[in-house]
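I have placed the structure first, in the form of structure tokens, so that the comments after it can refer back to it.
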Protein chains: 2
Amino acid sequence: MNELELIQLLTRNLPTNDSVVTGAGDDCAVLDLGIPERFLLFKTDAIVEGIHFTRETPPEKIGRKVLARCLSDIAAMAGSASAALVTIALPKEFDPEFVKSIYTGLNALAQRFGVAIVGGETTTNPERILISIALLGTVAKEKCIRRHGSKPGDAIFVTGHLGGSIEGHHLDFEPRLAEARWLADHFTPTSMIDLSDGLAGDLRHLLERDQLGAELLKTAIPISRVAKLKAKAESPAKPPLLAALTDGEDFELLFTVPSRVAVSLLDGWRKQFPDVALTCIGKISATPGVRLRDKDGYKPMPAHGYVHFA
Amino acid sequence: MNELELIQLLTRNLPTNDSVVTGAGDDCAVLDLGIPERFLLFKTDAIVEGIHFTRETPPEKIGRKVLARCLSDIAAMAGSASAALVTIALPKEFDPEFVKSIYTGLNALAQRFGVAIVGGETTTNPERILISIALLGTVAKEKCIRRHGSKPGDAIFVTGHLGGSIEGHHLDFEPRLAEARWLADHFTPTSMIDLSDGLAGDLRHLLERDQLGAELLKTAIPISRVAKLKAKAESPAKPPLLAALTDGEDFELLFTVPSRVAVSLLDGWRKQFPDVALTCIGKISATPGVRLRDKDGYKPMPAHGYVHFA
């Protein structure tokens, strides 16, 4: 059983109550606990030694990463982060300096985004370090952007450049909180998600509920310099486009807006965030499935991103 | 470095913001995010295979336990639980039925206490199962009970019977949510904590901030039947009193009230919760340290609970 099948199994018939606006299945859970005009956003995320980082990873970056991942999910709903709890599971013989440095990196990022660290839990995991964050945020009710909500014809945008995150971006990325709030304040995006598993897979989450499709323009996909360099350096090389479509941990925003606002969005964005790339990569279609267009026409693009071009 | 020293190291100079009412160091973090008249309670807790449960533990009880532990912390502040996220880290070769049963137990308890399960996270921990819960609750601002707040002369009460939890109680205990709310509604307790590390240690948390002490009456400590049976069955035996003072995972409430309400509290409790024992075990004193009184007088009781009686 793979992770997706497991999640499907476990999220069936979950207990619920009147406070739940959106349960499992979006970037954050959305709750209405009576804050006037605002929803609560609630998210948890974990990273594990040997999988998301190694003993060679600078510890400050480990701490930074685990919080940044969660912040990226708050960003994906156009929210603001408020407070976090940190759970750290450690082998019995841990290095206090290493652990302290994890918190140094985590706390510095928290400080920068105004997030209070309000406690947590230490426990034992004999073989490896595991860190889990629980993060609370809020969002204005009418500004909360979900994964679903796009309509055929909507323009699809992505921030930054994609692919090759494993080379370092996954430890240094900037959660796009300010960008997402600005977007929600000025352009009513119709759907949004942060890219954690790769564009080809994550785009499906915007289409699922309403059985929509998407048409992407091959030459428009913003490929990172790192993905291009890797392709030159490695043999056999992963084509840079494939890296941009399928590499995980980009933590960029993928969102849709009505096509009529696409041009003014690009104009406004360049003024507001001159250092953050924003690219229109295609549009939502009524026909299910994702298709990639090049000079020879459209080709279906499976979730794993492999498209065979002549 | 032990766990306490680590926590002291990590909770120094944590980032904070205006929403924080109580950060690290109480049963839950307390936040004011603008819910009229109410605080948010925020708590996380983790259990690990081989430490808090084994592969032989019925999986329903594993799921029940991890949520019940967190609920007990919400109870300790007289709150109500609203929503939880579940993080489960699994070896690659997991048994889907085992994992499903963990959720069955967890969901059943959530349902019973009106808690919505609003998502979470699955990840890999190659050697053992680890489950972490992040729980949100709320409490009326004027009813929120902290660990600190007791005054010299206050009566000290404990629910249930203590000791020997490892024999089964740690998998079956009832989080005392209704009891705690009733208490806060009718008797303004001055401080409260749930017993997770044992009475002798946890009592210190009620005394710390204001450098108070406590005098306990040896014959009043409610010892569980299991602790008494274990003492008879085992050799060398742990004296039942010592088990009641130091065994972990009782998850009962320890709290203080002004002495003038002690009698009416006991009367009211017996009518309201006839099946839950409530015992006055002593009183708060202005002199720091915990002392245990028997027929020969007072003896100091160290945090590890060992007291040598003639």
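A short reminder: the numbers here are calculations on the coordinates, not readings from a lab. Owing to the predicted nature of the structure, the values given are computational and were not obtained by experimental measurement. Neighbour counts are summed over all protein chains in view; Cβ atoms, including those assigned to glycine, are modelled from backbone coordinates with ideal geometry.
Rank B:VAL48, B:VAL66, B:VAL158 by mean-square fluctuation in a GNM of chain B with C-alpha springs under 10 angstrom and give only the top-ranked residue. Fluctuation is largest for B:VAL48.
Suppose R0 equals 25 Å. What FRET efficiency, 1/(1 + (r/R0)^6) with r the Cβ-Cβ distance, do A:VAL276 and A:GLN111 give to the nearest 0.05? Before the final figure, lay out each step's value.
Working: r = 22 Å, r/R0 = 0.86.
Approximately 0.70, to the nearest 0.05.
Building the convex hull from the alpha-carbon atoms of the protein assembly as shown and averaging its projection over directions returns 29.5 nm².
Work out how much length A:ASP18 to A:THR104 would gain on full extension: take 0.36 nm times their residue separation and subtract the Cα-Cα distance, in nm to one decimal. That pair, A:ASP18 and A:THR104, stretches by 27.1 nm at full extension.
Can you quote the Å³ per residue value for the convex hull of the Cα atoms in the stretch B:134-262, rounded to an integer?
In the stretch B:134-262, the Cα convex hull volume per residue is 124 Å³.
Note on B:GLU127 and B:TRP182: with the Förster distance fixed at 41 Å, the Cβ-Cβ geometry gives a FRET efficiency of about 0.40. Expressed to the nearest 5 percent, the antiparallel share of DSSP beta bridges inside the protein assembly as shown is 75 percent. With a threshold of 31 Å on the Cα-Cα distance, the over-threshold entries among B:LYS61/B:LYS232; B:LYS151/B:LYS238; A:LYS283/B:LYS100; B:LYS65/B:LYS295; A:LYS65/A:LYS151; A:LYS65/A:LYS232 are B:LYS151/B:LYS238; A:LYS283/B:LYS100; B:LYS65/B:LYS295; A:LYS65/A:LYS151. Short-range pairs are left out: with C-alpha atoms under 8 Å and at least six residues apart, the relative contact order of chain A is 20 percent. The Cα center of the stretch A:148-205 and the Cα center of the stretch B:249-273 differ in position by 53 Å. The modelled label-to-label distance between A:ASP172 and B:GLU97, using points 7 Å beyond Cα along the C-beta direction, is 5.0 nm. A Cβ-based charge dipole, computed about the Cα centre of the stretch B:16-143 with Lys and Arg at +1 and Asp and Glu at -1, lands at about 300 debye. Taking every alpha-carbon pair under 8 Å whose residues sit at least 6 apart, the stretch A:155-300 reaches a relative contact order of 46 percent.
Looking at chain A alone, DSSP beta bridges between its own residues are antiparallel in about 75 percent of cases. Segment A:ARG260..A:ALA237, full-extension length gain: 4.4 nm, with 0.36 nm per residue of separation and the alpha-carbon distance subtracted.
Among A:GLU174, B:GLU127, A:GLU37, A:GLU252, a tally of other beta-carbon atoms within 10 Å of each Cβ gives an order, fewest to most, of A:GLU37, B:GLU127, A:GLU174, A:GLU252.
The residue list B:MET192, A:VAL263, B:THR44 was ranked by how far each Cα lies along the charge dipole of the protein assembly as shown toward its positive end, using unit charges on Cβ atoms, and A:VAL263 comes out on top. Normalising the Debye intensity of the stretch A:1-71 to I(0), with uniform scatterers on Cα atoms only, and taking log10 at q = 0.13, 0.16 Å⁻¹ returns -0.58, -0.78. If only the Cβ of Lys and Arg carry +1 and only the Cβ of Asp and Glu carry -1, the dipole of the protein assembly as shown around its Cα centre is close to 520 debye. Of A:LEU71, B:LEU195, A:LEU229, the sequence from fewest to most neighbouring Cβ atoms within 10 angstrom is A:LEU229, B:LEU195, A:LEU71. The stretch B:74-133 and the stretch A:1-80 have their alpha-carbon centroids 14 Å apart.
Ordered from longest to shortest, the equivalent ellipsoid semi-axes for chain B are 31, 25, 19 Å, each the square root of 5 times a Cα gyration tensor eigenvalue.
What does the structure give for B:102-113 when I average, per residue, the other chain Cβ atoms found within 10 Å of the residue Cβ?
Partner-chain Cβ atoms within 10 Å, mean over residues of B:102-113: 2.
Amide H contacts under 5 Å for B:LEU217: B:GLY282, B:ARG293, restricted to partners 5 or more places along the chain or on a different chain, H placed in the peptide plane at 1.01 Å from N. Counting only residues at least eight positions apart within a chain, or on another chain, the aspartates and glutamates with an alpha carbon under 13 Å from that of A:LYS92 are A:GLU127, B:GLU3. Its Cα centre serving as origin, the stretch B:155-300 has a Cβ charge dipole (Lys and Arg +1, Asp and Glu -1) of approximately 600 debye.
Taking the number of Cβ atoms within 10 Å of each Cβ as an exposure proxy, the fewest-first ranking of B:VAL263, B:VAL20, B:VAL139, A:VAL86 is B:VAL263, B:VAL20, B:VAL139, A:VAL86. Straight-line cross-link partners of B:LYS230 among the aspartates and glutamates, defined as a Cα under 13 Å from its Cα and at least 8 positions apart when in the same chain: B:GLU167, B:ASP247. Sequence-distant contacts, meaning Cα pairs under 8 Å at least 6 residues apart, place the relative contact order of the stretch B:29-88 at 25 percent.
Among the chymotrypsin sites (Phe, Trp or Tyr not before Pro) found in the stretch B:1-90, not one is both in a DSSP coil and sparsely packed, with 11 or fewer other Cβ atoms within 10 Å of its Cβ.
Taking every residue in A:4-11 and counting other chain Cβ atoms within 10 Å of its Cβ, the average works out to 5. Annotation: Cα Rg of the stretch A:13-143 relative to the compact-globule expectation 2.2 N^0.38 Å equals 1.12.
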